[in-house]
Amino acid sequence: MNPIQFELPYQGPHHGGLRKRSTHSWAGTVAGFGTVELSTPAEEQLSRDLVGAWVSGRGIPHMSFLGVGFRDRPRMADMTLTVDGWSGKLKRRHLAVTPRGRALRIDIAGRSYRYQVLGSKNRHELRRTGAVLTMARASWRYPERISGSGQGDCDGLDIGLAILLEGAYTRNLSFSGALYSWPGRFLSRLDLPDF
């Protein structure tokens with residue numbers, strides 16, 4: 001199968017209403033799959049401090065990733081993944097040191113995936129048997145573009161999932177990133193009084 005290349009330019013923030021965060025989105029066209037959009041934070045459960053990201057598109061199944069919010073993104077704590085009514089099983093090894101060991105393992109719709117960081121915090125790989133998608137962000141927080149490249153038998157589920165995970169807080173997929181973000185993640189869990 002021919003390699004797939006795509007780019008999702010930043011569409012900017014969309015300001016939410018009272019007690020709502022601004023939503024950031026990226027949208028572009030993926031050849032053979034039409035327009036695809038990523039939004040984060042897209043869902044909120046303020047009582048539980050959960051935020052989400054979602055992906056939608058004509059040739060992409062609707063999917064969402066929900067987790068504890070950190071810097072306007074769902075992180076990999078209390079995480080849930082849904083794709084067209086399927087619930088994903090997600091697991092990762094918190095104490096692993098290598099990127100492969102710290103990778104997020106995903107089982108959904110009869111498929112098994114591994115999502116890991118590649119070299120820097122701005123590049124990731126989603127891999128299953130027969131398909132590999134490499135994703136890159138132009139910068140960390142709100143990149144001007146998110147780009148992707150697919151090899152093998154990539155379909156709408158693979159592409160949508162790779163794009164969706166770019167809307168999650170993935171810094172802790174590397175050991176150095178986990179150490180760097182640990183103080184902020186720890187402090188975000190504390191219920192400090194307002195002075």
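The values are calculated or read from the model by the stated rules, or taken from the named source; none is laboratory data. Note that the structure is a prediction, hence the values are computed from the model and not measured. Please note: Cβ atoms are built from the backbone with ideal geometry, for glycine as well, and neighbour counts cover all protein chains shown. Ligands, DNA and RNA are excluded from the accessible area calculation, which covers all protein heavy atoms including side chains. Shrake-Rupley method; radii C 1.70, N 1.55, O 1.52, S 1.80 Å.
Here are some notes:
- When the residues Glu125, Glu166 are ordered by accessible surface, computed with a 1.4 Å probe over the protein chains alone, the sequence from largest down reads Glu125, Glu166.
- When the Cα gyration tensor is reduced to axis lengths a ≥ b ≥ c, the ratio a/c stays below 1.5 for the range 23-177, which is therefore classed as rounded.
- Rounded to the nearest 10 Å², the accessible area of Ser120 at probe 1.4 Å: 60
- Residues Asp107, Asp84, Asp158, ordered by accessible area of protein heavy atoms at a 1.4 angstrom probe radius and largest first, appear as Asp84, Asp107, Asp158.
- Placing a label point 7 Å from the Cα of His94 along the Cα-to-Cβ line, the residues of the range 154-175 whose backbone N sits under 18 Å from it are 169-175.
- Label zone at Trp86 (point 7 Å along Cα-to-Cβ), backbone N below 20 Å, the range 53-70: 53-67
- Remark: the range 1-122 carries 53 Å² of accessible area per residue (probe radius 1.4 Å; ligands, DNA and RNA excluded).
- Contour excess over end-to-end distance, with Cα ends at His62 and Tyr142 and 0.36 nm allotted per residue: 26.6 nm
- The value of relative contact order for the range 28-92, using C-alpha pairs under 8 Å at least six residues apart, is 23 percent.
- Cα centroid separation - the range 65-95 against the range 97-172, whole Å: 14
- Accessible surface of the range 30-122, 1.4 Å probe: 49 percent of it comes from carbon and sulfur atoms.
- Full extension of the chain between Asp78 and Thr35 yields a length gain of 12.5 nm, computed as 0.36 nm times the residue separation minus the alpha carbon distance.
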